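This report refers to the structure that appears directly beneath it.
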There are 2 protein chains.
Amino acid sequence: MQQLENDRYLRALLRQPVDVTPVWMMRQAGRYLPEYKATRAEAGDFMSLCKNAELACEVTLQPLRRFDLDAAILFSDILTIPDAMGLGLYFENGEGPRFERPLTSLQDIQKLPIPDPEMELGYVMNAVRTIRKNLKGSVPLIGFSGSPWTLATYMVEGGSSKAFTKIKKMGFSEPAALHLLLDKLADSVTLYLNAQIAAGVQSVMIFDTWGGVLSPRDYQDFSLQYMHKIVAGLTREHDGRKVPVTLFTKNGGQWLEAMAATGCDALGLDWTIDIADAKRRVGDKVALQGNMDPSMLYAEPARIEQEVQHILQGFGSGTGHVFNLGHGIHLDVPPDHAKVFVDAVHRYSKPYHQ
Amino acid sequence: MQQLENDRYLRALLRQPVDVTPVWMMRQAGRYLPEYKATRAEAGDFMSLCKNAELACEVTLQPLRRFDLDAAILFSDILTIPDAMGLGLYFENGEGPRFERPLTSLQDIQKLPIPDPEMELGYVMNAVRTIRKNLKGSVPLIGFSGSPWTLATYMVEGGSSKAFTKIKKMGFSEPAALHLLLDKLADSVTLYLNAQIAAGVQSVMIFDTWGGVLSPRDYQDFSLQYMHKIVAGLTREHDGRKVPVTLFTKNGGQWLEAMAATGCDALGLDWTIDIADAKRRVGDKVALQGNMDPSMLYAEPARIEQEVQHILQGFGSGTGHVFNLGHGIHLDVPPDHAKVFVDAVHRYSKPYHQ
């Protein structure tokens, strides 16, 4: 087992004592950093950056050089699995992800292969190994995947969506087809995350960006049961250390009890829920990650610090809190404001850990 | 007081006994109906349709000819107030609403007038009077407005938004400017809804489409307190009859208790909350309206009927439920499926009212 200089992030996810509240930011390697833009320009398009282990490592490490972050997160995309299944992921300028060959029928779904992570997704594993080597045991590395439901929305809609018309049509009128797809995705995500763990990530996170567009019953049926299946199939200990699992459903604040019952270690919270309420509801079962509105980073430093203090106070004393934004950092946030945020978490959280 | 042939909708909102659960559909006058498209083509653009009392009346009545609906809703737009304030509302093809002159500074906000509803919004009052005359006492007419926060998002962003960057920047770095805007909008909405009531609407609804993008504290501060102010200023009895008020915040399921505490009569629910939970939480204070996922209307009739029965069972016995979709009907829903939905509510709800 490689020693970690800073293991606060892993300890907090496992609800073990820490000295200060650990913090990282969703999408911390990204376009708000000028050095990211320079590396991205060097790589060409977004997927070329993901597929180049040296450059993916470089952008993963960039925010750690600027800010006192307690974790690194693998630079990659949530849609690598559908791409490896042959759907042809591409990015239109400013339009978000698209697929060249979206799924339109049960036959399309039946033909989908389960990707071998060390083959079709070998570039991700190379990036993990390269990043781990370059982190030199400083902070843990987080791996991740999209949730089956979230991946399926892009695969059926062909890209981003507002009303999720096509996938809901499929779910409500051809449920067997959608369940076959979700089941294949659950198997693929399990293999993919276990391969990331074998390659060196020390914690994994499942991003369910679009679970919140479902009714409570449909969330259980189309999203949560497949995340549950993944959690049950994950490697939970590797290289002598526990590998914590975090589930994040955006707009899932109403369903925390059901999410916590999957056996995961932590829940990610967006900013629409009061973290004090969340702790009351599920704090005896899981750690909580979150949950400042990413738009708060537009405010002046004093206002950012005030908001950090409010959230720390909401969680209160004790461990089990990883501070984060409630979703990805916006691309037009001044990097100095991100620094104010990160430093404020460490500075103001000390009294809660005495 | 004009007698109503069918007053189920008003009675259910006031939690008085009814024979079957009343039902209407958000956006029931709309593009899924071929006769709507024909009238819209006759009018020219969308705002010309809103401003022509005869044609606005015609499209308001169209769904009532097809379906056994328990209420009519004024055909209009949520953005009439900002348009009357001089921002220049227009609709780009398929792009949603836009403003020619979005607000960019405190000075812009200070200059905004409070519209006189019988002057700048007289076309809405003419439509109300025309519709009431043509309804001939069959079912009640619902009036509505956007909430101050929701109107403000469009006025500051210049149109629809995903991240609400500009208005959140304003709220977090220039809160006094945003509060001045919200306060002017609260006054304008109060005058506007009271004028609708004087002109003949028998119930009013406030649509807070975007309150759910805020944190709990910011929701209270930027959205709910201004809806509270409106509720306190509304005419609650007119022409010998109570005028029920319904608040609807999309993605507001976590805040029902606070919404119910405004003194409104009913809450609209989107489909992300279990109506049984909502009833447990606030059913002793307010009626509930909702809450089937509009995408369920893509399913086959048997599946639609199953979902209606599930929601009726969730609410259970007694009054205080107005059945509806959790948001507007989609434009590509077959009208026959809407008929299945409406009829199923009446058929299957009888046992719950015995």
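What follows draws every value from the coordinates through simple rules; no lab data is involved. The structure displayed is predicted, hence computed values, not measured ones. Virtual Cβ from ideal backbone geometry, glycine too; neighbours counted across all protein chains shown.
Karplus-derived 3J(HN,Hα) values for the stretch A:252-259, using 6.51 cos²θ - 1.76 cosθ + 1.60 with θ = phi - 60°, are x, x, 7, 10, 4, 4, 5, 5 Hz; glycine and proline are entered as x. Along the charge dipole of chain B, pointing to its positive end and built from +1/-1 on Cβ of Lys, Arg, Asp and Glu, which listed residue (B:Phe172, B:Val201, B:Ser48) has its Cα farthest out? Highest projection toward the positive end goes to B:Val201. For the stretch A:66-137, the alpha carbon convex hull comes to 130 Å³ per residue, rounded to a whole number.
Counting Cβ atoms of other protein chains within 10 Å of each residue's Cβ and taking the mean over peptide B:326-336 gives 1. Under 5 Å between amide hydrogens, built in the peptide plane, is the criterion, and for A:Phe207 it picks out A:Ser145, A:Gly146, A:Ser147 among residues at least 5 positions away or on other chains. Across peptide B:301-307, the mean count of Cβ atoms from other chains lying within 10 Å of each residue's own Cβ comes to 1. Each 10 Å bin, from zero up to the one with the longest distance, holds this percent of the alpha carbon pairs of the stretch B:1-65: 19, 38, 26, 16, 1. Under the Kirkwood approximation for Rh and a Cα-based Rg, what ratio Rg/Rh is obtained for the stretch B:184-263? When Rh is taken as the Kirkwood radius, the ratio is 0.99.
For the pair the stretch A:155-182 and the stretch A:279-342, the centres of their Cα atoms are 33 angstrom apart.
When each of the peptides B:101-108, A:328-335 is scored by the mean number of other C-beta atoms lying within 10 Å of its residues, the order from highest to lowest reads A:328-335, B:101-108.
Between 0 and 90 degrees, rounded to the nearest ten: what's the tilt of helix B:34-43 against the longest Cα principal axis of chain B? Tilt of helix B:34-43: around 30 degrees. Extension gain, A:Gln306 to A:Lys350: 0.36 nm times the residue separation minus the Cα-Cα distance gives 14.3 nm. Taking every alpha-carbon pair under 8 Å whose residues sit at least 6 apart, the stretch B:1-152 reaches a relative contact order of 30 percent.
For B:Pro335, the label point sits 7 Å beyond Cα toward Cβ; its separations from the matching points on the remaining copies run 6.0 nm, from shortest to longest. Any chance you could tell me what percent of the C-alpha pair distances in the stretch A:138-219 go past 20 Å? So the pairs more than 20 Å apart make up 38 percent of the total in the stretch A:138-219. Seen from every direction in turn and averaged, the convex hull around the alpha carbons of the stretch B:42-93 projects onto 4.5 nm². The slack in the chain from A:Glu54 to A:Lys136, taken as 0.36 nm per residue of separation less the alpha-carbon distance, amounts to 28.0 nm.
Against the main long axis of the alpha-carbon atoms of chain A, helix A:122-135 sits at an angle near 10°. What is the calculated FRET efficiency for B:Asp19 to B:Glu92, with r their C-beta to C-beta distance and R₀ = 45 Å, to the nearest 0.05? The pair B:Asp19/B:Glu92 has a calculated efficiency of 0.50.
Percent of C-alpha pairs per 10 Å bin in the stretch B:228-354, short distances first: 12, 40, 33, 14, 1.
Backbone phi angles across the stretch A:283-293, fed through the Karplus curve with coefficients 6.51, -1.76 and 1.60 (θ = phi - 60°), yield HN-Hα couplings of x, 8, 10, 9, 7, 10, 10, x, 8, 7, 4 Hz in residue order; Gly and Pro are listed as x.
For the stretch A:166-307, the ratio of Cα radius of gyration to the globular rule of thumb 2.2 N^0.38 Å stands at 1.16. For the stretch A:176-331, the residue among A:Gln225, A:Pro294, A:His238 whose Cα projects farthest onto the positive side of the dipole built from Cβ charges is A:His238. Can you give the Kirkwood hydrodynamic radius for chain B, in Å, rounded to one decimal and based on Cα pairs? When all Cα pairs of chain B are included, the Kirkwood radius is 20.4 Å. In chain A, helical runs assigned H by DSSP with n ≥ 4 each contribute -39500 (n - 2.57); averaged across all residues and rounded to the nearest 500, the mean residue ellipticity at 222 nm is -13000 deg cm²/dmol. Structure note, pairs A:Lys162/A:Lys250; A:Lys162/B:Lys250; A:Lys169/B:Lys37; B:Lys184/B:Lys229: Cα-Cα distances above 18 angstrom occur for A:Lys169/B:Lys37. Between B:Thr104 and B:Lys339, the modelled labels are 5.2 nm apart [label points 7 Å from Cα along Cα→Cβ].
Of the peptides A:289-297, B:175-183, B:147-155, the ranking by mean beta-carbon count within 10 Å, highest at the top, reads B:147-155, A:289-297, B:175-183. With the label put 7 angstrom out from Cα along the Cα-to-Cβ vector, B:Glu42 ends up 6.6 nm from the copy partners, going from closest to farthest. For the protein assembly as shown, taking Cα atoms only, Rg and Dmax work out to 26.1, 81 Å respectively. Label point of B:Asp108 (7 Å along Cα→beta-carbon): distances to the other copies' equivalent points are 4.1 nm, sorted ascending.
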